[in-house]
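Right, one structure below, let's go through it.
The values are calculated or read from the model by the stated rules, or taken from the named source; none is laboratory data. What you see is a predicted model, and the numbers here were worked out from it, not measured in a lab. Every residue, glycine as well, gets a Cβ built from its backbone with ideal geometry; the counts of neighbours run over all protein chains shown.
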Amino acid sequence: MALRWRPLTRPEWGFVTGLAILIWCACAPPPPARVAPPPPPVAPEYLSGQWTGRTSQGTAIAFTVSANRITGVRLDYSCSGGGGGLTIPADASLLIGRGATFATVSISTSGPVDVFRAITVRFIFRSARNANGIVEFANDRACGTSEATWTAARQP
C-alpha cells in the first residue's frame, strides 16, 4: 500500500506551527549574560590621611596620602636572609583607573661592586578606607628577588 500525504487543515497547521515554535525556543541559545559595569574609581581627594597595615611577611607598612599624591612610605620587612626597615621619600601621583585608583613608589640604589638594588611598592585603592598592593624586592641583601603582598586601612 502506498503512503499518501493529505493536505493539512487549518487546525493542524496551527498545531504544527506552535510545535515548531516551542522546539525553536527550547533549542535557541541563551541570551548573553549582562556584565555589570565596574564601580567608579575612588577620587584621590577622599584618600588623604595616614594609612597603616601589614604585609604578608607579618611586618608593618605605613604611608601618607596628601591630596593626589603618596608623600611618604615606611616599610618593615623580614625575609629568610634577615630584615629591616626602610623609609621611602615619596612623591607619587595617584592615577585613576577602571574601578580603582593606583600608584607606584620605588627606590633604587647601587651598592658595592655596582650591585643594583630596588624596592617597589604598588598601591591599589578600591575604596576610601582600604588599600592593598605588592612590595617587590630586586637584588635586596635580605630578600633577594621576591615579593610580598600588603593590606592597609586609612586611620580615622
(message) Could you go through region 120-130 and let me know if any residue there is in a strand (DSSP E or B), touching a strand residue (DSSP E or B) at 6+ places or on another chain (Cβ under 6 Å), hydroxyl-bearing (Ser, Thr, Tyr) and in contact (Cβ under 8 Å) with a residue 60 or more places away in the chain.
(response) no
(request) Go through region 71-82 and give me each residue that's among the small types (Gly, Ala, Ser), surrounded by 14 or more Cβ atoms within 10 Å (Cβ to Cβ) and closer than 14 Å to GLY58 by Cβ. (result) SER78
(request) Could you list all residues from region 83-98 that are closer than 29 Å to ARG141 by Cα and buried (at least 17 other Cβ atoms within 10 Å of the Cβ)? (result) ILE88, ALA90, ALA92
(request) Kindly provide the set of residues from region 48-97 that are in contact with a Leu (Cβ under 6 Å, 6 or more places away or on another chain), closer than 14 Å to ARG122 by Cα and of a type outside the set (Val, Ile, Thr), ordered by number. (result) LEU75
(message) Suppose the filter is touching a helix residue (DSSP H, G or I) at 6+ places or on another chain (Cβ under 8 Å), over 24 Å from GLU147 (Cβ atoms) and exposed (fewer than 14 other Cβ atoms within 10 Å of the Cβ); does ALA26 pass it?
(response) no
(request) Return the only residue of THR101, THR109 being surrounded by 12 or more Cβ atoms within 10 Å (Cβ to Cβ) and in contact with a strand residue (DSSP E or B) (Cβ under 7 Å, 6 or more places away or on another chain). (result) THR101
(message) I'd like the residue in region 26-64 that is closer than 30 Å to GLY82 by Cα and assigned to a loop (DSSP other than H, G, I, E, B) and, out of all such residues, is modelled with the lowest pLDDT.
(response) GLN57
(request) Considering only region 91-129, state which residues are closer than 16 Å to SER56 by Cβ and at pLDDT 90 or above. (result) VAL121, ARG122, PHE123, ILE124
